[in-house]
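**Q** Supplied in structure tokens, the structure appears directly below.
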Amino acid sequence: MLFDVMNTFADSFATAFQLVLSGDPGLWVVVWRSLAVSATACVIASGAGLVLGAWLAVSRFAGRGALMTVLNTALAVPSVVVGLVVYLLLSRSGPLGFLGWLFSFQAMVLAQACLVLPLVTALTRQVVEDADRSHGEQLASLGAGTVMRSLLLAWDERYALLTVLITAFGRAISEVGAVMIVGGNIEGFTRVMTTAIALETSKGDLPLALGLGLVLLAVVLLLNALVALLRRWRELADSAQTTVPGAVAA
């Protein structure tokens with residue numbers, strides 16, 4: 001019995017590797033769509049999140065604490081709840097129903113952008129606020145206003161912010177609940193890696209599910225490698241900045 005189970009497991013993995021390496025159209029169409037949806041959503045969310053997070057880091061105004069509480073709460077909202085809200089907005093009776101985006105590529109992009117926006121905003125705020133504690137007074141003494149200070153600090157922390165963007169992409173591409181609700185998991189149109197894995201597993205098509213899982217795992221592994229590389233790059237850049245030119249070793 002155990003031998004049969006192990007044979008089935010090994011056969012499924014062998015078939016999954018064959019699907020990935022042979023360029024199976026059914027698998028790679030889903031992969032490219034997943035990458036396109038998540039990349040588009042991250043570009044949209046990052047554009048707004050970086051600006052909003054940097055502004056929140058250096059601004060002081062009435063209600064800032066309440067806004068921060070809402071932002072931190074949004075980080076913990078389950079993806080299915082985000083998908084439900086976007087579904088209601090895009091439904092025929094919703095305020096955005098006239099767009100006709102429900103069960104489309106655009107709907108999935110909107111859902112993932114809404115999911116990623118709080119993450120990018122919160123992490124950007126933390127990164128820039130930490131930098132503001134170290135250099136903010138110096139920049140203010142030089143006449144830098146709120147906007148200029150936030151821009152200068154964000155540029156100074158660009159390596160950390162690149163890590164934030166990579167983290168956001170990883171969050172988007174590994175999400176399943178929201179895109180399944182607003183996209184409908186329609187084959188050839190709105191099926192992405194996570195929703196396809198769930199569907200193919202329920203159907204018993206384990207090789208295809210495993211193949212998609214292997215590609216998704218490879219994408220996540222690559223993202224983590226990029227994060228580690230950026231951290232190392234930042235350490236080297238910081239070391240180069242602190243090195244005194246012309247210093248003679250003892």
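Read-outs throughout are calculated quantities, based only on the coordinates presented, and are distinct from any laboratory measurement. Just so it is clear, the structure is predicted and the values come from calculations on it, not from any experiment. Cβ sites come from the backbone with ideal geometry, for glycine too, and all protein chains shown count toward neighbours.
**Q** Select from A172, A76, A54 the residue whose mean-square fluctuation is largest in a Gaussian network model of the chain (Cα-Cα springs shorter than 10 Å).
**A** With Cα springs under 10 Å in the chain, the top fluctuation among A172, A76, A54 is at A76.
**Q** Round to the nearest 0.05 the FRET efficiency obtained for M148 and A228 when R0 = 30 Å and r is the Cβ-Cβ distance.
**A** Calculated transfer efficiency: 0.40.
**Q** Further question: For region 183-240 and region 9-51, what is the separation of their Cα centres, given in Å?
**A** Taking the Cα centre of region 9-51 as reference, the centre of region 183-240 is 6 Å away.
**Q** A further question on this structure: Take V215, V81, V192 and order them by how many other Cβ atoms sit within 10 Å, fewest up front.
**A** V81, V215, V192
**Q** Please work out the FRET efficiency for the pair S59 and S93, using the Cβ-Cβ distance as r and a Förster radius of 35 Å; give the result to the nearest 0.05.
**A** It comes to 0.40.
**Q** So which chymotrypsin sites (Phe, Trp or Tyr not before Pro) in region 60-111 pass both tests, a DSSP loop state and at most 13 other Cβ atoms within 10 Å of the Cβ?
**A** Those that pass, being in a loop and sparsely packed, are F61.
**Q** Starting from the Cα of L35, step 7 Å toward the Cβ, then list every residue of region 205-230 with an amide N under 14 Å from that point.
**A** Flagged as within label range: 215-223.
**Q** By Kyte-Doolittle mean hydropathy of at least -1.0 and Cα axial length of at least 24 Å, which whole DSSP H helices of the chain are selected?
**A** 2-21, 25-58, 105-141, 206-242
**Q** Still on this structure: Please order W28, W233 by the number of other Cβ within 10 Å, starting at the fewest.
**A** W233, W28
**Q** Can you tell me the dipole magnitude for region 22-233 around its Cα centre, using point charges on the Cβ only (Lys, Arg +1; Asp, Glu -1), in Debye to the nearest 20?
**A** Dipole of region 22-233, to the nearest 20 debye: 260 debye.
**Q** By counting other Cβ atoms within 10 Å of each Cβ, how are R125, R33 ranked from fewest to most?
**A** Sorted ascending by nearby Cβ count, the order is R33, R125.
**Q** Might you report the magnitude of the Cβ-based charge dipole of region 138-250 about its Cα centre, with Lys and Arg at +1 and Asp and Glu at -1, to the nearest 20 debye?
**A** The dipole of region 138-250 has a size of about 160 debye.
**Q** A further question follows. Scan [x] 7, 28, 37, 22, 6, 0; [y] 8, 31, 36, 18, 6, 1; [z] 7, 24, 27, 21, 13, 6, 2, 0 for the value of P(r) over Cα pairs in 10 Å bins from 0, in percent calculated from this model and give just the label.
**A** The value matching this structure is [z].
**Q** Just going by the charge dipole of the chain, with Lys and Arg at +1 and Asp and Glu at -1 on Cβ, which of A209, G49, F61 is farthest out on the positive end?
**A** F61
**Q** From Cα pairs below 8 angstrom and at least 6 apart in sequence, can you work out the relative contact order of region 22-233, rounded to a whole percent? Intermediate values should be presented prior to the final figure.
**A** Working: 256 pairs, mean separation 66.6, N = 212.
Result for region 22-233 is 31 percent.
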